[in-house]
């Protein structure tokens, strides 16, 4: 039998970095009964409007992280087992009022937090979130919901290890949306707000208001604003560098 | 926190709270009949939420998918739906709205399940306080007996089985209800519960309820708007 020396057999595997842990906390009162010290993995959030390149950046990050030997799991809005179907229907029919829709989204978030994020982190995985509470808060705030109320509600959320906001000008978002879809989305255009009866006009206004709200939230939540106008490669390069810092526990 | 009257609503909201089996539903039904027979604008909120929210809630319960946090949130969603689409319009329209259970049910239940009380209260702070709030206080054993004598099929969450208090649903229900009662009593002063001794005869309790309502609400304000005959 041929002996394989550990060095020559898997040279590259020795370079797999075990993420360094850092103290964790919830934004507010948190989820009852969670042992924060046992959440070994990392929670990485990518925020940005539709068309900001969020999803493709996340796919690239997953590929890169897995290539580096890290297990990953993904979450996103409206993906919970509990209420995702009903949320989708509610949006299509536009039948729920503001507080109700807001709480429905919070339920969707909480279900994924408890069933995907927390178990993933406990198992030492890299959890990649395609949007997090900030989008939910920003959307609700521009619709007049009370900031303090939202802050309490989302006090259940875990503070992520990194939050990237892909900032793209509304005019560019429009072009990217048309490159991908036939039409603008009702909700992404903020048509329920009555900003304009013209959808194009409403889209630009709505995206500007949301972006301004994100800048406000940035002051409180301190996420990293990433210039989303550059090439996907350049953006991904920046994200990787920043994530490497996170993995090193810095 | 202000009541609907203090917020300037023309309508009034009267809520009843109490354990299952405390007889509160009977009492609010009799109150409703009394008001209706006087020809007043009265509406009994039966907690009919939109099918959508209801579907999600019953799916979560049937498949036992709910944690204390999502249990709390999905019921808050359900309440918000009823509040925004049913209660607020009725109160704006000047109705006397009768509610079998209000936000205090959630405060008691969610706290027993381990949610932080400040978090739960914060979520429900969009809801105004009832103008009158009756709490039917029956002895724990009496309430339990009324429910358990029929040997009902206790549902998983109803019996508090998610709290792992006991493997026996009936035993679990007993412990769970006892804890809920403790929570109700702890809130009693803060939220000005009008405590009615529910061990008394139905008629005695109803007399107390009607007298209090008549004393606190000017019922003459709530007559139906009769369409004026065109001359």
> Looking at (1) within 14 Å of chain B (Cβ to nearest Cβ); (2) more than 30 Å from residue A:171 (Cβ to Cβ); (3) without any contact (Cβ under 8 Å) to a residue 12 or more places away in the chain; (4) surrounded by fewer than 17 Cβ atoms within 10 Å (Cβ to Cβ), which is the only condition residue A:81 fails?
Replying inline: (3)
> Condition test on residue A:136, is it within 13 Å of chain B (Cβ to nearest Cβ), within 24 Å of residue A:59 (Cβ to Cβ), in a helix (DSSP H, G or I) and at pLDDT 95 or above?
Replying inline: yes
>> Criterion first (over 30 Å from residue B:224 (Cα atoms), in contact with a helix residue (DSSP H, G or I) (Cβ under 9 Å, 6 or more places away or on another chain) and touching a residue at least 40 places away in the same chain (Cβ under 8 Å)) does residue B:76 satisfy it?
In response: yes
> Which one of these is surrounded by 21 or more Cβ atoms within 10 Å (Cβ to Cβ) and either within 14 Å of another protein chain (Cβ to nearest Cβ) or outside any helix (DSSP H, G or I) (or both): A:101, A:89, A:61?
Replying inline: A:101
> For residue B:170, are the conditions met, namely being surrounded by fewer than 17 Cβ atoms within 10 Å (Cβ to Cβ), outside any loop (DSSP other than H, G, I, E, B) and touching a helix residue (DSSP H, G or I) at 6+ places or on another chain (Cβ under 8 Å)?
Replying inline: yes
>> Among (1) part of a helix (DSSP H, G or I); (2) within 14 Å of chain A (Cβ to nearest Cβ), there is one condition residue B:49 misses while meeting the rest; what is its number?
In response: (1)
> Looking at this structure, is residue A:188 away from every other protein chain (no Cβ under 14 Å) and assigned to a helix (DSSP H, G or I)?
Replying inline: no
> Pick from B:65, B:30: which is under 30 Å from residue B:144 (Cα atoms) and not in a helix (DSSP H, G or I)?
Replying inline: B:65
> Which one is nearest to the other protein chains (Cβ to nearest Cβ) among residues in the range A:121-133 that are buried (at least 23 other Cβ atoms within 10 Å of the Cβ) and in a helix (DSSP H, G or I)?
Replying inline: A:133
> From the residues in the range B:183-207 that are without any contact (Cβ under 8 Å) to a residue 60 or more places away in the chain and part of a loop (DSSP other than H, G, I, E, B), which one is nearest to residue B:130 (Cα to Cα)?
Replying inline: B:192
> Within the range B:101-163, which helices (runs of 4 or more DSSP H) (wholly inside it) include 3 or more residues that are within 14 Å of another protein chain (Cβ to nearest Cβ)?
Replying inline: B:103-112, B:117-123
>> For the range B:29-78, which positions are closer than 27 Å to residue A:97 by Cα and under 16 Å from the mean Cα position of the chain (by Cα)?
In response: B:43, B:44, B:45, B:46, B:47, B:48, B:49, B:72, B:75, B:76, B:77, B:78
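The values are calculated or read from the model by the stated rules, or taken from the named source; none is laboratory data. Everything numeric here is computed off the predicted structure, so don't read it as measured data. Here the Cβ is made from the backbone with ideal geometry for all residues, glycine too, and neighbour counts use every protein chain on show.
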